[in-house]
Amino acid sequence: MELTVSLGPRSYPVFLDSGTANNFPATLNALFPESKFGLVTNTTIRDLYKPLIDQWTAELGLTIHIMPDGERYKTIETWGAIFDTFLPARFERSSVLIALGGGVVGDVTGFAAAAMLRGVKYVQVPTTLLAMVDSSVGGKTAVDHPAGKNLIGAFYQPNMVFVDTAFLATLPEREYRSGYAELFKYAFIGGLDMFDFIVRNHKALIKHDNAAMLEGIKRSIEIKAAVVNRDEKETSGERMLLNFGHTFAHALEKCFNFEGLLHGEAVWYGMACAIELGKLLKLIPVADIPSYDTLAAFLLKPQLPSFPPVDDLYNAMFFDKKVAGGQIKFVVPAEKGRSVMKTGIPEDTVKVAMRKGMTLHGTV
Ligand SMILES: NC(=O)c1ccc[n+]([C@@H]2O[C@H](COP(=O)([O-])OP(=O)(O)OC[C@H]3O[C@@H](n4cnc5c(N)ncnc54)[C@H](O)[C@@H]3O)[C@@H](O)[C@H]2O)c1
């Protein structure tokens, strides 16, 4: 199926299907005739998908750049090395970089495309669930800096996104569950229909049911595209809704020094805390509480090596990029499928929400 991210002259198609990777060169040639193509991927994907990459290389005449695997390589150095491959190969503004991988490959390649020759085309081929439902769409590109994650980057939209859910077959289960947190979060911001979709399909999604997955990814991309359409460069605040559960999650990640805990694993806890906050602030209507309790019981909170003290978690929240003027911004659930931005929430209330949300089983 084909979706569209509507952004005026920067609009682009998203192709979403299963088992279509062999057709990728034909799709690409049709959209970008006569272009030169470059592929960026990492060592893990290269080893897992060598026959596919060989086929693409034969059909597209690819120049290939392989980066090391891992968030710790999401750096200016890794970014700079991309130019060392493609500039000597005489890439031009009409050339197309292909990012084949998860969010790390996608973010670094997108940022390289933004800077090379002041902007070349790029295409996202996400291979993790997180990248399919979140990072491949929307045009946020970045690398990390020792001062923090994603601090150097650009808003730069891809020219096409090609999602083939067959890539998920090789994704480690832990990565799948972590990425699923980013799909699940759309229940809180994507309207009543998405809320009900998650309630109905949670079990199928955990079991990797392909039909449920395709529908969940489609809905996620549509919801994200609509938010990005209204707030492409995060100026009106609406795009911040996509960070549902993330204020708490980033604090948890910081308490673990961004090690040992996957981002999505922290987001599961973050969503639990946000639900508790919605109840405490009475933003969730009483009639909707049982439905939210159903969602809360679904959250795939993993066992943590330890539970950081609530005071540490609270202090860690002040390092979030979304803190403005010393005020922490929270995305808090209201009616089913709708969340609102809130600031000025009393410290005690936040800490109570954290104590409840951080429990491993349920939210009692
Ligand atoms: N740009 C955005 O809007 C946005 C949004 C959310 C997250 N992000 C960024 O995304 C990154 C996280 O992305 P991620 O969760 O995809 O992590 P990742 O890119 O590190 O991928 C996770 C691991 O899975 C491996 N992998 C990828 N696809 C595979 C496959 N099909 N089979 C087997 N292994 C595979 C990778 O090599 C890696 O080891 C972070 O850097 C985050 O900042 C960006």
Q) Which one of Gly106, Gly110 is part of a helix (DSSP H, G or I) and either touching a Gly at 6+ places or on another chain (Cβ under 8 Å) or more than 21 Å from Gly19 (Cα to Cα) (or both)? A) Gly110
Q: Only one of these is loosely packed, with under 13 Cβ neighbours inside 10 Å and assigned to a loop (DSSP other than H, G, I, E, B): Glu77, Glu34. Name it.
A: Glu34
Q | Scope region 167-203; condition near the ligand (Cβ under 10 Å from one of its atoms), touching a residue at least 12 places away in the same chain (Cβ under 8 Å) and surrounded by fewer than 16 Cβ atoms within 10 Å (Cβ to Cβ); matching residues | A | Thr170, Arg174
Q. What residue, among those in region 222-242 that are basic (Lys, Arg) and not in a loop (DSSP other than H, G, I, E, B), is farthest from Met132 (Cα to Cα)?
A. Arg230
Q | Long-range neighbours under 8 Å by Cβ, at least six apart or interchain, first residue acidic (Asp, Glu) within region 264-275, second buried (at least 24 other Cβ atoms within 10 Å of the Cβ) | A | Glu265/Ser178; Glu265/Ala181
Q | Unique residue being farther than 18 Å from Gly101 by Cβ and at pLDDT 95 or above when the list is Ala131, Ala187, Ala112, Ala147 | A | Ala187
Q) If we scan region 309-320, do we find a residue that is within 17 Å of Val267 (Cβ to Cβ), modelled with pLDDT under 95, under 25 Å from the mean Cα position of the chain (by Cα) and part of a loop (DSSP other than H, G, I, E, B)? A) yes
Q: Can you work out which of the residues in region 322-350 that are surrounded by 14 or more Cβ atoms within 10 Å (Cβ to Cβ) and of a type in the set (D, E, K, R) is modelled with the lowest pLDDT?
A: Lys322
**Q.** Test result for Tyr156, more than 7 Å from the ligand (Cβ to nearest atom), surrounded by fewer than 24 Cβ atoms within 10 Å (Cβ to Cβ), over 15 Å from the mean Cα position of the chain (by Cα) and modelled with pLDDT of 95 or more
**A.** yes
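The values are calculated or read from the model by the stated rules, or taken from the named source; none is laboratory data. What you are looking at is a predicted structure, and each value in this text was computed from that prediction instead of being measured. As a convention, Cβ positions derive from the backbone with ideal geometry for all residues, glycine included, and neighbour counts pool all protein chains shown.
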